1. Just add up the charged neighbours of Lys123: K/R +1, D/E -1, any other residue whose Cβ is under 10 Å from the Cβ of Lys123.
2. Looking at the stretch 27-125, which trypsin sites (Lys or Arg not before Pro) are in a loop (DSSP not H, G, I, E or B) and have at most 14 other Cβ atoms within 10 Å?
3. Under a point-charge model restricted to the Cβ atoms of Lys and Arg (+1) and Asp and Glu (-1), what is the dipole moment magnitude of the stretch 14-81 relative to its Cα centre, in debye to the nearest 20?
4. Can you give the net charge of the other residues whose Cβ lies under 13 Å from the Cβ of Leu68, counting K and R as +1 and D and E as -1?
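Readers should treat all values here as calculations from the given coordinates under stated rules, not as data from a laboratory. Remember, it's a predicted structure, so these values are computed and weren't measured experimentally. Every residue, glycine among them, receives a Cβ derived from its backbone with ideal geometry; neighbour counts consider all protein chains shown.
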Amino acid sequence: MKTHRRRMAYSTEITDAICERLIEGRSLTKICLDPDMPRIRTVFDWLDAYPEFQAAYIHARELQADTLADEILAIADTREMETTEAITRSDGTSEVRRADSVAARRLRIDARKWYAGKVRPKKYGRDLTRSDEVSENGIIRIEDSSDWPIY
């Protein structure tokens, strides 16, 4: 059964806690699932009503992008093992073969790169520049000058 929480009154203690959790890399949705935190709609209302919270929130989101960039390195440097094959031999013994899940790590890395690029585009966004070259069929040439690979 879903419980309904009452709207919380604005407080800097709560907004500071929200910003701290954002910086740690948590999503606002997960933060607001905590019973001690306001509903997500309340947070959005506070962002509209309190410029000081809005400024702190924007800064927290920018720092969150730095946290995610650090996570990208950790994910890339850590093997993620997943079961790929279970074999039962004729003598009744079995073996489970495990392999590094490169695809799973790539997905986690790409999600963090995308998000970091959205919340801090000047630092982590893809630097796409428009060229003045237009082909005969009207297509504008876009050059990717980012360092991140395109998959």
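1. Counting the neighbours of Lys123, the net charge comes to 0.
2. When the trypsin sites (Lys or Arg not before Pro) of the stretch 27-125 are filtered for loop state and at most 14 Cβ neighbours within 10 Å, Arg79, Arg89 remain.
3. My answer is approximately 280 debye.
4. Within the 13 Å Cβ shell, the charges total +2.
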